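The values are calculated or read from the model by the stated rules, or taken from the named source; none is laboratory data. Predicted model only: the values in this text are computed from it and were never measured. Methodologically, a virtual Cβ is constructed for each residue, glycine included, from the backbone with ideal geometry; neighbour enumeration extends over all protein chains shown.
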Amino acid sequence: MPELATDRSGWRPDGPPRAIVRARTVADVQRTLAEANRDGIPVVTRGAGTGLAGGAAAGAGAIVLDVSGLNRILAVDPVDGIARVEPGVVTAELDRAAAEHGLFFAPDPGSVAICTVGGNIATNAGGLRGAKYGVTRDSVLALDVVLADGTLLHLGHDTVKGAVGLDLVGLVVGSEGTLGVVVGATLRLLPRPPRTATALAHFASVPDAAAASVALAVAGLRPAVLELVDGKTLGAIDGLRGTDHAGRGAALLLVQTDGFGAEEEIAAVAGVLGRTAKTVETTADPATAAELAAARRDALPAIEAGGPVLIEDIAVPRSRLAEAVDGVHAIAAATGADVYVFAHAGDGNLHPILRADAGEPQRAADDIFALALALGGTVSAEHGVGLLKRAWLERELGPGPLALQRRIKRLFDPNGILNPGKAI
């Protein structure tokens, strides 16, 4: 099953894995790791394989440990506002289960309908609601983790607050399977917003749209969703859906507010956007909101309709968002790469999408990573480091912090069997 040796990043391993273990119980995970550790065999843990950085890709001779079969929602507690789940639970299914109790799970990556909670934890995934609700780490209270030698530990607290001990949960979240295998999680759930409202604004330029997104923060507004789409991406959406976004502006902002004051807040949002936008539409009607939101939700499918792509992920201070988008466009011109940009503007997270068959996409990607660092940002905001960005670790972190991280890795995994060559 070669598809289990890779992920959505497009990276191809140098040979087939040694074996595939489809875990159905925690004991399966413990036994697999204990035996692999004894024999010094690499183990690559995977869930749905939706990762974009090669973090779940298994090289020749490795064991693929598939935990997607550990997929039970063990409990949803509306009083304490928590859920207990196994790592193979699909993120959207958890959110649906929470909705039955008037709650929701805040992280919402673009692959929410197919990605698993374990993968979200491994990469500290974010999503469209990140500006208001944060990333996966902000929703994880406790973890059940199997170490490299098969030892099962419960880390963290099953309470919303806890101040005892070091934050080992925060350390494991985002470690991409290099410290241990997550086999259970206690997750924070939030009250489902009773109302939402949506605004869609077209602008004459990306700098105008980026400046408007900053103006919302300066005005004290904190929408749940704040997304920017550049003109080239709007053209791709128009080609796919028959819309006319590119004809209405060279950039777009999608804004959604939620809670009891959603309509009041969206009115304030529209007032700020209206100072510089060419057009502003608002609605509190769910059906109309879905139509407006399609201008962002359709971005990646529209680009991918033209052929294979590299899906990149950087973040900069939100005050430098316009510089970042302009810089990406300049890199595209210099390298001949075909680059599209959309962004979680509320937290400065850009997704430059590069066509794999145009110009010099890898050179362009490297230049984009360098741009992110030059603007005070990071080479990965939510996709992780995996294999594809590991060469950039020392440039971003510096030798001292990187050496410390690798010492921590050795404490958790002395024989180096857990996802070797990834993340750290």
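Of the residues 348, 384, 327, 306, only one is of a type outside the set (D, E, K, R), within 22 Å of residue 173 (Cβ to Cβ) and in the same structural domain as residue 207 (by TED's automatic domain parsing); which?
348
Just to be sure before I move on: is residue 312 acidic (Asp, Glu) and buried (at least 24 other Cβ atoms within 10 Å of the Cβ) in the structure I sent? I'd like the intermediate steps shown before the answer.
Working: acidic (Asp, Glu): yes; buried (at least 24 other Cβ atoms within 10 Å of the Cβ): yes.
It is true that residue 312 is acidic (Asp, Glu) and buried (at least 24 other Cβ atoms within 10 Å of the Cβ).
Please go through (1) in the same structural domain as residue 218 (by TED's automatic domain parsing); (2) surrounded by 18 or more Cβ atoms within 10 Å (Cβ to Cβ); (3) at positive phi for residue 320 and return the number of the only condition it doesn't satisfy.
Of everything listed in (1) in the same structural domain as residue 218 (by TED's automatic domain parsing); (2) surrounded by 18 or more Cβ atoms within 10 Å (Cβ to Cβ); (3) at positive phi, residue 320 misses just condition (3).
Looking at residue 213 and the list (1) free of Cβ contacts under 8 Å to residues at least 40 places away in the same chain; (2) outside the structural domain of residue 106 (by TED's automatic domain parsing), which single condition is not satisfied?
All conditions pass for residue 213, except number (1).
Consider residue 258 carefully, then state whether it is of a type outside the set (A, V, I, L, M), modelled with pLDDT of 95 or more and touching a helix residue (DSSP H, G or I) at 6+ places or on another chain (Cβ under 6 Å).
Answer is no for this residue.
Condition check: surrounded by 14 or more Cβ atoms within 10 Å (Cβ to Cβ) and either among the polar types (S, T, N, Q) or not in a loop (DSSP other than H, G, I, E, B) (or both). Does residue 295 satisfy that?
Details: surrounded by 14 or more Cβ atoms within 10 Å (Cβ to Cβ): yes; either among the polar types (S, T, N, Q) or not in a loop (DSSP other than H, G, I, E, B) (or both): yes.
Here the answer is yes, as residue 295 does meet what is asked.
Please find, within the stretch 277-292, the residue that is surrounded by the fewest Cβ atoms within 10 Å (Cβ to Cβ) out of those that are aliphatic (A, V, I, L, M) and farther than 13 Å from residue 256 by Cβ.
Looking at the filtered set, the residue picked out is 287.
Identify all residues within the stretch 1-31 that are at pLDDT below 90, among the hydrophobic types (A, V, I, L, M, F, W, C) and over 23 Å from the mean Cα position of the chain (by Cα); write none if there are none.
1
Can you confirm whether the stretch 32-39 contains a residue that is crowded, with 20+ Cβ neighbours inside 10 Å, aliphatic (A, V, I, L, M), under 26 Å from the mean Cα position of the chain (by Cα) and assigned by TED's automatic domain parsing to the domain that holds residue 180?
Here is the first cut: in the stretch 32-39, the ones crowded, with 20+ Cβ neighbours inside 10 Å are 32-33, 36-37.
Filter once more, keeping what is aliphatic (A, V, I, L, M): 33, 36.
Going one step further and asking which of them are under 26 Å from the mean Cα position of the chain (by Cα), we end up with none.
Scanning the stretch 32-39 turns up no residue that is crowded, with 20+ Cβ neighbours inside 10 Å, aliphatic (A, V, I, L, M), under 26 Å from the mean Cα position of the chain (by Cα) and assigned by TED's automatic domain parsing to the domain that holds residue 180.
I need the full set of residues from the stretch 255-282 which are more than 19 Å from residue 212 (Cβ to Cβ) and either assigned to a strand (DSSP E or B) or outside the structural domain of residue 341 (by TED's automatic domain parsing) (or both), in order please.
Scanning the stretch 255-282 gives a single hit, 258.
Need a quick list: strands (runs of 3 or more DSSP E) entirely within the stretch 7-97 having at least 1 residues that are small (Gly, Ala, Ser) and more than 15 Å from residue 123 (Cβ to Cβ).
Passing ranges, in order: 19-22, 73-77, 82-85.
Which of the residues spanning the stretch 338-374 are of a type in the set (Phe, Trp, Tyr) and either more than 17 Å from residue 388 (Cβ to Cβ) or touching a Ser or Thr at 6+ places or on another chain (Cβ under 6 Å) (or both)?
340, 342, listed by residue number.
Please return the ranges of helices (runs of 4 or more DSSP H) entirely within the stretch 163-254 where 3 or more residues are over 30 Å from residue 63 (Cα atoms).
Numbers: elements: 168-172, 206-218, 231-241, 245-248.
Per the criteria, 206-218, 231-241, 245-248.
Going residue by residue through the stretch 381-391, is there one that turns out to be modelled with pLDDT under 95 and over 29 Å from residue 305 (Cβ atoms)?
yes
Could you please find all residues in the stretch 334-358 being surrounded by fewer than 17 Cβ atoms within 10 Å (Cβ to Cβ), among the small types (Gly, Ala, Ser) and at pLDDT below 95?
Matches in the stretch 334-358: 356 only.
Table: residues versus (1) surrounded by fewer than 19 Cβ atoms within 10 Å (Cβ to Cβ); (2) in contact with a helix residue (DSSP H, G or I) (Cβ under 7 Å, 6 or more places away or on another chain); (3) without any contact (Cβ under 8 Å) to a residue 24 or more places away in the chain.
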| position | (1), (2), (3) |
| --- | --- |
| 330 | yes, no, yes |
| 373 | yes, yes, yes |
| 380 | no, no, no |
| 387 | no, no, no |
| 396 | yes, yes, yes |
| 402 | yes, yes, yes |
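Tell me which of these residue 424 doesn't satisfy, since it passes every other one: (1) in contact with a strand residue (DSSP E or B) (Cβ under 7 Å, 6 or more places away or on another chain); (2) at pLDDT below 95; (3) among the aliphatic types (A, V, I, L, M).
The one condition residue 424 does not meet is (1).
What single numbered condition from (1) modelled with pLDDT of 95 or more; (2) surrounded by fewer than 22 Cβ atoms within 10 Å (Cβ to Cβ); (3) not in a helix (DSSP H, G or I) fails to hold for residue 159?
(1)
Looking only at residues in the stretch 404-424 that are among the charged types (D, E, K, R) and out of contact with any helix residue (DSSP H, G or I) (no Cβ under 9 Å at 6 or more places or on another chain), which one is surrounded by the most Cβ atoms within 10 Å (Cβ to Cβ)?
Here the residue is 409.
May I ask you to verify whether residue 207 is outside the structural domain of residue 77 (by TED's automatic domain parsing), surrounded by 24 or more Cβ atoms within 10 Å (Cβ to Cβ) and either among the hydroxyl-bearing types (Ser, Thr, Tyr) or over 16 Å from residue 105 (Cβ atoms) (or both)?
no
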